[in-house]
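**Q** Below is one structure. I have some questions about it.
What follows draws every value from the coordinates through simple rules; no lab data is involved. In this text, all values refer to a predicted model and were calculated from it rather than measured experimentally. Every residue, glycine among them, receives a Cβ derived from its backbone with ideal geometry; neighbour counts consider all protein chains shown.
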């Protein structure tokens with residue numbers, strides 16, 4: 001959480017707390033800092049890598065106990081598993097670095113271990129960054145091949161995002177700018193995909209689904225702005241009349257007040 005890792009935003013500082021100020025020393029595949037303003041991570045040894053795998057398993061078990069019905073392994077956005085995937089951040093000389101096979105090893109081991117404790121009838125997703133957006137970084141070709149391997153391990157869906165390991169990446173953002181990666185992974189690996197990133201309009205999301213560019217639309221900021229986005233989208237697209245729970249009847253469509261009779265089946 002924020003208290004354990006970053007400065008208090010109201011004191012005018014941003015980013016992670018440096019070790020000399022009481023912060024943690026980050027870990028990674030290699031001692032390569034994200035940029036000069038970030039702390040150089042401590043490389044994980046073999047035993048610590050095995051502990052990472054065990055921690056993912058423990059987290060999946062906690063999620064199941066808590067009643068979650070889907071778990072997603074986060075291997076994108078410059079977090080630890082993505083760092084092992086990318087040749088930018090992974091310059092190890094052992095069997096967890098160097099070749100493509102070695103760089104994907106930890107993600108495959110984590111996935112195998114989580115799938116073993118996560119019920120087969122419940123979905124398992126993996127989030128990946130399809131590209132680092134820099135030359136010689138992780139790229140879409142590698143993403144497609146990784147998706148094939150993950151499908152063989154019992155993963156149900158690849159959540160396709162991008163970026164996160166390169167401070168100098170120039171990302172051409174725009175409406176649905178990452179959807180083409182989800183479409184390619186879906187077509188070439190044969191696994192279901194989700195797409196994310198600047199998908200804001202119901203018609204835009206519907207087009208992506210109807211043209212089979214992806215199987216799921218992931219929303220984040222739009223749901224922060226409008227927690228009832230799916231119900232409003234259903235109304236905007238002329239779908240069935242949305243049934244709002246009684247406790248939400250004040251959160252109606254902006255132009256169409258809801259009535260008590262609308263809440264009945």
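**Q** Applying 1/(1 + (r/R0)^6) with R0 = 30 Å to the Cβ-Cβ distance of residue 145 and residue 198, what FRET efficiency is obtained, to the nearest 0.05?
**A** Plugging the Cβ-Cβ distance into 1/(1 + (r/R0)^6) gives 0.65.
**Q** A further question on this structure: How many nm separate the modelled label positions at residue 248 and residue 180, each set 7 Å beyond the Cα in the direction of the Cβ?
**A** Placing both labels 7 Å along Cα→Cβ, they lie 3.5 nm apart.
**Q** Looking at the calculated P(r) for the chain, what percent of the C-alpha pair distances fall above 33 Å?
**A** 30
**Q** Okay, next question. Once the Cβ-Cβ distance between residue 236 and residue 122 is put in as r, and R0 is 30 Å, what FRET efficiency do you end up with, to the nearest 0.05?
**A** With a Förster radius of 30 Å, E is 0.40.
**Q** Also, I was wondering about something else. Which distance in Å, rounded to a whole number, links the C-alpha centroids of region 158-184 and region 77-156?
**A** Value for the Cα centre distance between the two parts: 16 Å.
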